[in-house]
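Everything below concerns the one structure shown next.
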Amino acid sequence: MNPVLSEFEQAIGRGLFRVPECIECGAAVWPPSEFCSVCLGGVRLGTRYGDGDGKMLRGRIVECSMEIPAGRLAGGSAKSPFFCLVAFECGIRLIARFVAPTPPAPGDLVALSSCGMSPNGSGYAFEVSTPDAPEDPAGPANM
């Protein structure tokens, strides 16, 4: 396993999301890779986005799932979770579970609220929610 991916998985296993970035051009690299998909430069875990600098990673919902009517879910759950495709300010896109009291809509501002490995260890799990802080006009609104 390449060192960047190993370090990334160790961090995400602790609930920290650090966006890999190119050493040469600074581009965000997703999925984590040893080489930049823009200039083929080397990659390191970044500090500009995510938990590396203490800033909230924010983005906008591109698409979201529809709610499944009550009674159609296994276990008798009354509400379905929503899943969203989110375009983050650093240029990456993730599929994440939406955690908020109201249904999501395309264009909504969200923040990465948690991350980790899936229960069986076969992939990553992400959750987004509406951010507590007011919207930054220079942030993801201009994506």
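The values are calculated or read from the model by the stated rules, or taken from the named source; none is laboratory data. Just so you know, these numbers come straight off a predicted model, no measurement behind them. We place every Cβ from the backbone using ideal geometry, glycine too, and count neighbours over all the protein chains shown. For accessibility, only protein heavy atoms count, side chains too; no ligands or nucleic acids. Shrake-Rupley method; radii C 1.70, N 1.55, O 1.52, S 1.80 Å.
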If CYS22 satisfies all but one of (1) modelled with pLDDT of 90 or more; (2) open to solvent by 30 Å² or more (accessible area, probe 1.4 Å); (3) out of contact with any Asp or Glu (no Cβ under 9 Å at 6 or more places or on another chain); (4) among the hydrophobic types (A, V, I, L, M, F, W, C), what's the number of the condition it fails?
(2)
Would you pick out the residues in the range 85-128 that are over 12 Å from PHE17 (Cβ atoms) and open to solvent by less than 30 Å² (accessible area, probe 1.4 Å)?
VAL86, ALA87, PHE98, PRO104, LEU109, VAL110, SER118, GLY123
Which of the numbered conditions does SER114 fail, given that it passes all the others? Conditions: (1) over 30 Å from ASN2 (Cα atoms); (2) of a type in the set (S, T, N, Q); (3) at pLDDT 85 or above.
(1)
